[in-house]
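Notes to accompany the following structure.
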Amino acid sequence: MTQIENELEAAEKKRRLKKTVFAMLLGGVVGFLGSFGLMQLADSGALGSLDASREIAALVGMLYVVTAAAIGFGLMSPTAGAKFLNVEDPEELREQKGMLGNSALGMATAGVALMVLAIAAPAGPIGQGAALAVFAVLMLVAVITSIASMKKQDELMKAVGSEAGAMTYYLLLLVGGTWSLLAHLGFIAGPQPLDWLTMFWALMLLGAFIVTAKRGMLTMR
Amino acid sequence: MKNRLKAYREEHGWSQGELARRLGVSRQTINAVETDKYDPSLPLALRMAKLFGVNVPELFIDDWEPDE
C-alpha cells in the first residue's frame, strides 16, 4: 500500500470515528433529555401514580419514539441525517426513504402504544377501554407500516430481521424465563403483565442491536 | 467469505450505488458484501457473477478443500 493510500485510509478511519462519536453523543443527549422530561412529568403527578413497571414501560416506549424521530428527521433532512445515521451520504437516505419511513412510523406507533399502556387506568389517567382501543389502532398501524417496510427491504435487511427475531426469542427465554423461574420458586416477585409487554418491546430492540453489532454493521460508514 | 467484488466493481468504474442499482439491492448490501459482513444468497451471487461475466468461484473465495 502506498503512502497516499495509507493517508487516505487513516483519514477515512478518522471521519468514521468522528461520525460514530457524534451519533453516540447526540443519541445520549436526546435520550437523556427525553427520559428526564418523562420522569419530570411522572413526578409531577400529571400521569397518575406510576410504579416502577409503568415507568420502565413508558421509558422503553419513549426510546422507540426517539429512535423513530431521529430516523424521521434524517429522512426529512437527508443532509443532516447523513451526519448521524449509518449511511454513506444523503442520497442513500433518499434511496431508502420508503423502507425507512415506514419503519420509523411503525416504531413510533409501537412506542406510543406501549406508553399508552403505561399510563392506563387504574394508576394512570387513560381509561382501560380507551387504552385498549388506542393500543389496538396504533398496533394495527405498526403492523401495516412494518409490512410495507418489509416489502421494500432487500435480502440483507430481511436476513438481519430474521436473525433479530430469533435473537429476541432467545433473549426473552433468558430474561423472562429466568425471572419467571425465580418467581415460581419464591425467590423474587414475578413479572407483572406490563413487564412482559415491556420485555417484548425492549428485547426486540436489544435483539436487533446485538445482531447488527455481531455483523459489524454498527460501524459508521 | 472473502470476495473480489470491490475489485471487479472498480474495474468496471462503478460506484457501490451503481452496482446496487444494477443488481436491484441496497447500497448497504453491496457495502456489507464488500467488507465481508454479509455473504449474499446464491441467486444474488449468481447475478453478481453474471454481471461481471465471471464464475462464482472467481468472485467469492472459499479455501475449503475436500478430504482425500
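Nothing in this text is a laboratory measurement; each read-out follows from the coordinates by a stated rule. Quick caveat: nothing in here was measured; it's all calculated off a predicted structure. Backbone-built Cβ (ideal geometry, glycine too); neighbour counts: all protein chains shown.
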Report the one residue of A:166, A:147, A:185 whose Cα lies farthest in the direction of the positive end of the charge dipole of segment A:143-221 (charges on C-beta: Lys and Arg +1, Asp and Glu -1; origin at the Cα centre). A:147
Using the structure shown, list the pairs from A:18/A:151; A:13/B:50; A:18/B:37; A:13/A:214; A:83/A:214; A:13/A:151 with a Cα-Cα distance above 28 Å, or answer none. A:18/A:151; A:13/B:50; A:13/A:151
Which residues' amide hydrogens lie under 5 Å from the amide hydrogen of residue B:3, considering only partners 5 or more residues apart or on another chain, with H built in the peptide plane? B:61
So, in Å, what gap is there between the alpha-carbon centers of segment B:1-32 and segment A:57-118? 27
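Report the charge-dipole magnitude of the protein assembly as shown in Debye, nearest 20, computed about the Cα centre from +1 at each Lys and Arg Cβ and -1 at each Asp and Glu Cβ.
820
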Less than 12 Å apart at the alpha-carbon level, and either on another chain or at least 8 residues along: which aspartates and glutamates does that give for residue B:6? B:34, B:36
In whole Hz, the Karplus estimates of ³J(HN,Hα) for segment A:112-127 (6.51, -1.76, 1.60; θ = phi - 60°; x where Gly or Pro) are 5, 4, 5, 5, 4, 5, 5, 10, 7, 4, x, 7, x, x, 8, x
For segment A:1-160, inverting the pair-averaged 1/r of distinct alpha-carbon atoms gives a Kirkwood value in Å of 17.8
Filtered hits (aspartates and glutamates, Cα-Cα < 18 Å from residue A:19, offset >= 8 within chain) -> A:9, A:88, A:89, A:91, A:92
Using a 7 Å offset from the Cα along the Cα-to-Cβ direction at both residue A:140 and residue B:64, what is the distance between the two label points in nm, to one decimal? 4.9
